[in-house]
Amino acid sequence: MSNSLRSELLRFGPTARTGTIAMSALIALVTVFAFTGVDPSDGGGGPPGRGAPDAGTLLANADGVIGGLVFGSSMIGIIALALVALSVARDFELGTIRVLLVNQPKRLVFFAGKLAALAAVVVAAVTAAAVVAAVLGMSLSGTSDIDTTTWSASDTLATYANIAIGALLWGLFGATIAVIARSASAAITAGVAYFLVGENLLTLVWDDAGNWLPAGILDTFMSGGSSDVTYLTAVALLAAYAIVAAAALSVVFARRDITD
Amino acid sequence: MLEPMPNASTSPAIMISGLTKRFGSFTSVDDLTVDIPTGGVVGLLGPNGAGKSTTIRMLLGLIRPTTGSATVLGHPITNPEAFLPRVGALIEAPTMYPKLSAERNLRSLARLAGVSDGRVAEVLHIVGLTGREQDPFGDYSLGMKQRLGIAAALLRDPELLILDEPTNGLDPAGIVEIRDLLIDLGRQGRTVLVSSHLLAEIQAACDRLVIIQRGRLIFEGPIGQLLTHANDAIYLAPERTADLRRLGDTLTAAGVTSAPAGDRLVVTSDHEPADLNRIAAGDGVVLRELHREREDLEDVFLRLTNT
């Protein structure tokens, strides 16, 4: 696997740059909006997503210094999904998969190396985004009357870890869709459509969909749990989804003919 | 530099037995049985869609056969990790990452194959790309891409080289270069299986030919043996080109099968030129050309493959 990892890392410069810039720019924007839109007297800015507390509450939390990262965690996940899906599907679209598998015929070993390299890229991008969020958070906290005495380094690190792990899982789902679709545009469209739109539509007919389906559970996990789903329940559900995704990815990649 | 292969084995490098691949109702390779001996250059020929690339992909473990079996360097194709470290391959168009330099693309493949980075400069030199290695792959001409694809195939200093249409898109000088490289590789004791849809492009490099059409074997043997399948052909040209169709109809009415060949007709069945002249004259067609020729290799190949 190390040969595959070293090989992939040599090619991931542009991917890593794109991912890092996209995530950092997004989080910078969200952080600025969150802090500048806060008015503690009326509870702060608008809600960031399904069932999430308002900006003022989030920024006053123990991990409030990276509140921008928490606000934008779903978008971080979507970028991770797109980044991984693009990298995986591109090998099928370009036809490079043929050359790669002739040089490393153990398909699962090859793919494990590729995923490890992509995981490193995603974690690096999330880390850069977290640093941007923290630096901006500290700079802007004085202008928004947020109580920063509650901020804690250990809670901040725990939240960062949840979001990084969550982004890796978004990436795993992206890789699975890409291996099945073998097309970057189809994979990204299908992934984004399901995770952003599909589950929200399902909540119209199934109230608890967000407590059981992957996108909702990922949100809950990245926020450290919710009143409806505990952190441990979210971990268990995500582990189950990850195992199913990894199994589907492995079977399809190992057994399918390479006709591209 | 490419070193001669030590202790070349005498058993076939590739043994194919009843290999068949179906995609739905379409049969791409149909009960193919053929051996590729060790050492030398073997041409895998056939028109586009004959099943060459599918056969090659099955030999490289990229596609699973529907039925049949094959071994490469003594190992079944169902276990590609056993033989691929001794095989180099170029599969259809050379594909690499367009924004990365040629050198970085090769270094990435070298790492994947467990080959030292130093080998990259060697193979770039062998294919004549030294000095252009920092250019992005996407900026390369098709000929340069083909040469880089061959460089990638040579990274592991392979015993067996499988090249799918390596002369595709090359200009005449490029074709000669690749041909010389193939001859050189064959002389070193390596086995080179090279596919093409054009006999003329690889004829000079090949010791043996395997010709397939619609996935089936139609010829296998030394290149000279193909000439034993050569027929005599009689070429007829009417004095007035406008009479060409009329001449064809006249011959057909007399039970002679002919085919157009430019501004002439060609008859490959067993007839005498004098008989054909008599038939034409009987319908008032004056011939300006009537002669017998023996088919060359290209003619035989084209006739066997109906192209």
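The values are calculated or read from the model by the stated rules, or taken from the named source; none is laboratory data. Predicted model, so just to flag it, every value in this text is computed and none were measured. Cβ: placed from backbone, ideal geometry, glycine included. Neighbour counts: every protein chain shown.
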Original post:
When the range B:222-244 is examined, which residues are found to be assigned to a helix (DSSP H, G or I) and more than 30 Å from B:L209 (Cβ to Cβ)?
Top reply: B:T241, B:A242, B:D243, B:L244
Original post:
Considering B:T67, B:T54, which residue is over 28 Å from A:A112 (Cβ atoms) and within 9 Å of chain A (Cβ to nearest Cβ)?
Top reply: B:T54
**OP:** Check whether at least one residue in the range B:9-23 is of a type in the set (D, E, K, R), within 11 Å of chain A (Cβ to nearest Cβ) and touching a strand residue (DSSP E or B) at 6+ places or on another chain (Cβ under 8 Å), and report yes or no.
**Re:** yes
Subject >> Hits in the range A:179-214 (condition: touching a residue at least 24 places away in the same chain (Cβ under 8 Å), buried (at least 18 other Cβ atoms within 10 Å of the Cβ) and closer than 25 Å to A:A129 by Cα) >> reply: A:A184, A:A187, A:I188, A:G191, A:F195, A:P214
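Being farther than 20 Å from B:P80 by Cα and buried (at least 24 other Cβ atoms within 10 Å of the Cβ) is the filter here, so list the residues in the range B:25-42 that pass it.
So the first thing to find is which residues in the range B:25-42 are farther than 20 Å from B:P80 by Cα, and the list is B:25-28, B:30-31, B:39-42.
Result: B:V41, B:V42.
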**OP:** Kindly list, by first and then second residue, each pair from a residue in the range A:1-17 that is free of Cβ contacts under 8 Å to residues at least 12 places away in the same chain to a residue that is outside any helix (DSSP H, G or I), limited to pairs with Cβ atoms under 8 Å and residues at least 6 apart or on different chains.
**Re:** A:R11/B:Y97; A:R11/B:L100; A:P14/B:K99
Subject >> Hits in the range B:114-152 - residues which are within 14 Å of chain A (Cβ to nearest Cβ) and over 17 Å from B:S101 (Cα atoms) >> reply: B:G114, B:V115, B:S116
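Determine which member of the set B:L181, B:L247 is part of a helix (DSSP H, G or I), over 15 Å from the mean Cα position of the chain (by Cα), in the same structural domain as B:H291 (by TED's automatic domain parsing) and farther than 20 Å from B:M58 by Cα.
Working: B:L181 fails: in the same structural domain as B:H291 (by TED's automatic domain parsing).
Of B:L181, B:L247, the one residue that is part of a helix (DSSP H, G or I), over 15 Å from the mean Cα position of the chain (by Cα), in the same structural domain as B:H291 (by TED's automatic domain parsing) and farther than 20 Å from B:M58 by Cα is B:L247.
Whether any residue in the range A:91-112 is more than 14 Å from every other protein chain (Cβ to nearest Cβ) and of a type in the set (V, I, T) is what I want to check.
Quick first cut of the range A:91-112, residues more than 14 Å from every other protein chain (Cβ to nearest Cβ) only: none.
No, the conditions are met nowhere in the range A:91-112.
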Original post:
How many residues are among the small types (G, A, S), assigned to a helix (DSSP H, G or I) and at pLDDT below 85 when one looks only at the range A:20-60?
Top reply: 4
**OP:** Could you tell me whether B:R156 is within 12 Å of chain A (Cβ to nearest Cβ) and under 27 Å from B:L44 (Cα atoms)?
**Re:** yes
**OP:** Find all pairs meeting these conditions: Cβ atoms under 7 angstrom apart; at least six residues apart or on different chains; first residue within the range B:114-130 and within 18 Å of B:R86 (Cα to Cα); second residue modelled with pLDDT under 90 and in a helix (DSSP H, G or I).
**Re:** B:G114/A:N3
**OP:** Would you check if B:I212 is of a type in the set (V, I, T), closer than 27 Å to B:A102 by Cβ and touching a residue at least 12 places away in the same chain (Cβ under 8 Å)?
**Re:** no
